[in-house]
Amino acid sequence: MNNSLTIIIPAYNEAASLDALLSSLLSYCEEKKYKVIVVNDGSTDGTGQILEKYSSHPNFSIIRNKLNKGYGGAIKAAVEAADTDYCITMDADGQHDMKDVEKLYNEIKYSGADMVVGRRNTGRSYYRSTGKSIIRSVAKLLMPLHIHDLNSGMKTYNTLLAKQYLHLCPNTMAYSDVITLVFISQGHLVKEIPITIHPRTSGKSTINTLTAFETLKQILNIVMLFNPLRIFFPLSVLFILGSAAWGLPIVLAGRGVSVGAMLGIVTGIFFFFFGLVAEQLSLIRKGKI
């Protein structure tokens, strides 16, 4: 058995597409000697029965969650169980191409990267593309970012590194964005290469507007953990300069000092010192990680 790659597939109510996916995927993995872990994340349709059909396959494992833990929770359970050098995540809806498994695996294996993200170029609606652009723009404001498709469901990474950071990642759909941002924040080499996306053959995506807000919240959490001054310093400058610009004309007109302007300046100073304290706490937390 190849001890280099585990393919991880979180599955929640994917009975309509899972049978066809596993039939071809397990044949491919038998040839390549890759391992496969599918997480049945509390499905209420026929997903469990389909998985049991393939349970005797030698390089196939099933993790059964009695309750739905979420997309990220399912992947985290599989990464914890993986014993190979690398993991690659795929969606259970049949949109990913198996040729890209080898493409991403070779990239991480021979380029020295710690994570390789599969960048999607087709198959997204204007609404989804806009949401993705907003999320990436916010993330780019808060940290150096060269990856375009943060929330791609197909990415491969060093298993040992991923296990170190799982406790920082949410159980929600935001997992895909956060695990990428954590690797970048910790100074690991993260690369991105294009992949092919096929149209969904059945079922419906669970990504919605609430998912986007949850992702933005998780991005702020990660920035607060690793680089809080990225948030506090701009706020400090904004309050101090804005208040000074507001209060200076009043002073020059001989009408004294504006209470509002002074309050804004003091608030800016507080933000600056809060940022310094948060930065010290961040250094302590990063040392423990």
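No lab work stands behind these numbers, since they all come straight from the coordinates. The shown structure was predicted, so the numbers you read here are calculated from the model rather than taken from an experiment. Positions of Cβ are generated from backbone atoms using ideal geometry, with glycine treated the same way; all protein chains shown enter the neighbour counts.
Residues in the range 37-54 carry Karplus couplings, in order, of 10, 10, 9, 7, 8, x, 5, 10, 9, x, 4, x, 5, 5, 5, 5, 4, 10 Hz; the curve used is 6.51 cos²θ - 1.76 cosθ + 1.60 with θ = phi - 60°, and Gly or Pro positions show x. The phi torsions of the range 150-161, fed into the Karplus equation with coefficients 6.51, -1.76 and 1.60 and a -60° offset, translate into couplings of 4, 9, 4, x, 10, 8, 10, 8, 4, 5, 5, 5 Hz, rounded to whole numbers, with Gly and Pro shown as x. Exposure here means at most 14 other Cβ atoms within 10 Å; with trypsin sites (Lys or Arg not before Pro) in a DSSP loop as sites, the longest stretch of the chain lacking them is 125-203. Helix-only arithmetic for the chain: the sum of -39500 (n - 2.57) across DSSP H runs with n ≥ 4, divided by the residue total, places the mean residue ellipticity at 222 nm at -18000 deg cm²/dmol. The charge dipole of the chain, taken about its Cα centre with unit charges on the Cβ of Lys, Arg, Asp and Glu (plus for the first two, minus for the last two), comes to roughly 700 debye.
With respect to the chain, whose longest principal axis is taken over its alpha-carbon atoms, helix 71-81 is tilted by about 60°.
Among beta bridges identified by DSSP and lying wholly in the chain, the antiparallel ones come to about 25 percent. Against the chain, whose longest principal axis is taken from its Cα atoms, helix 15-32 shows a tilt of about 70°.
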